[in-house]
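Have a look at the structure below, then the notes.
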Amino acid sequence: MTQKDTIITIDANGPDGKRSFSYADVQQLIHRQLQATNYQQAAAISMQLADQLPDDPWAHLVAAESLYLHQQLAPALRYIDRAIQIDPQNIAALVIKSRLCLYSGEHAEAMRLIDAAVRLNPKNTQLLLEKGELLADAGNLDGARDAFLAAIETDSRRTGSLLGLSRLPGDNFSEDLVKKIEFLIDSNQLPADERINAHFALGHAYDRKGDIARHFSHLDRGNALKNTTLTYDRDASRHEAEDIVRFFSEGFFDRHGTKRGNSANIIFIVGFPRCGSTLVEQILSSHPSVSAAGETFALRHSLLAFQQLIRPPEDYPYWLETQPADALIQIANEYLQKVHPFKHSEFLTDKLLDNYKFIGAIHLIFPNAKIIHVQRNPIDVCYSCYKYLFHLNSVPYSYHLENLATRYRDYRQVMRHWNKVLPGRIHTVNYEQLVGGQEAVTRALLNYCGLPWNDACLEFHRNARSVHTASNTQVRQPLYADAIDRWKKYAAHLGPLLDLTND
């Protein structure tokens, strides 16, 4: 019997309970879950596969990858270590473990692993891309540039390296390279996903060269193509915002004001994508009393796990109305368990921006939590989203200007509501004020968090931690004002964004 004919018993969380699948069918099932970004379900299935096939490296590798994407680092490490034990020269396993090590702050080990993978296949474009991204996240921008250029030299049709190169500081695109990419796009030699990368890369390149017309020509084409691969429901977003405002009324907090969860010192950083939140987290995590968890889905997953446990008749947030204080403590404990690998100090930052939707729950679950809202000029922040190709389809509204404008209004409605019903609970950091008065804004920020002054917070660009967000290169530099009111020179191309105001 071949591996493909092996029968596996899997509980796929469906109505039929456990079912028997062929190995090949389980592989397809896992791939479908990963493509749909259902990482928790992919992890659950792949762990069952690995546990039933203890000597199969692929099963352990995909379990580790699913768990990593689900931000479950400890079990991911167990499965990837087993995959490497079975097959020490498995390149994919070495790459995944390098990502896990980088995410955990083990830069040297991450570099050792990716170098080992490159030695096994030195002309592998994807490996060179991985190396470049790892070096960029770790702050080695010169090393990242060399790795991206080596990948492009190996195969310019694998355009992820072009995108990575375009995000590094400076003009990194020679005229010859620009002509080569233009030729690849125009000759239809690239599949859609590679063409999207190429358009965004050239968009960045032309911006650095001061060619606004070509900058937007490629941005518009890249965004339009990317938008066809996604589904974003403006009405659903609006209804979600309205539901939050309707449910979390002043009366709700009057009824539940005596309930208290866990007293942990968590600093939640919220806002709209590209608002400057990574900068604020970098400033805070430069303080010796603060660790950074980055963009963790721990809160959302903890709320979902509790909901699945109690199986209420209605979804979040409606079941919060009937839950006792013990439920808040249970959710808090689940959250703290998920973020435990990141907490090395008294305080921990959680920078998942979409947590702005959960501020009402945070107020109850973590009464000592600090909530920092990072705000930036709305046209600048939306334009910055439009010119950025986000990872894993995480910001599906960013590839269409009207979607960006309506989503920003939904976000603003919710934030205004929180400030109304929870006055004084949220500390707002204005990006433009931070750039113009770094020390004063930083002092106010630390004071709100209950942290003593530390000069390292002004030298945030020297912070050696890994940064895995879109701003991983910007926070390696001192503050600069180039991004303030940048939208003005592009105004002719921004359409519906121009109606957004700071009111």
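Throughout, read-outs are computed from the coordinates displayed, never taken from laboratory work. Note that the structure is a prediction, hence the values are computed from the model and not measured. Glycine also receives a Cβ, built like all others from the backbone with ideal geometry; neighbour counts cover every protein chain displayed.
Give me log10 I(q)/I(0) at q = 0.08, 0.11, 0.18 Å⁻¹ for the range 264-499, Debye formula, one equal scatterer per alpha-carbon, no solvent. So the normalised log intensities work out to -0.31, -0.58, -1.48. With the highest mean first, a sort of the peptides 255-263, 57-65, 299-307, 372-380 on other beta-carbon atoms found within 10 angstrom per residue produces 57-65, 372-380, 299-307, 255-263.
What is the range 60-149 by shape, rounded, prolate or oblate, if you read a ≥ b ≥ c off the alpha carbon gyration tensor as root eigenvalues and call it rounded for a/c under 1.5, prolate for a/b larger than b/c, and oblate otherwise? Oblate, since a/c reaches 1.5 and b/c is not below a/b. The overall shape of the range 220-352 is oblate: from the C-alpha gyration tensor, with semi-axes ordered a ≥ b ≥ c, the ratio a/c is 1.5 or greater and a/b is no larger than b/c. Peptides 386-393, 228-235 ranked from most to least packed give 386-393, 228-235, packing being the mean of other C-beta atoms within 10 angstrom over each peptide's residues.
Relative to the globular-protein estimate of 2.2 N^0.38 Å, the Cα radius of gyration of the range 156-229 stands at 0.98. Amide H contacts for A483 (H built 1.01 Å from N in the peptide plane; partners 5 or more residues away or on another chain; cut-off under 5 Å): none found. From the alpha carbon centroid of the range 95-124 to that of the range 151-177 is 21 Å. By the combined test of axial Cα extent (at least 15 Å) and Kyte-Doolittle hydropathy (mean at least -0.5), the qualifying DSSP H helices of the chain come to 39-52, 57-69, 73-86, 91-103, 107-120, 125-138, 141-154, 175-186, 298-310, 325-339, 438-449. Hull volume per residue, based on the alpha-carbon atoms of the chain and their convex hull, is 155 Å³. Reported value for the range 119-266: 206 Å³ per residue, from the convex hull of its C-alpha atoms.
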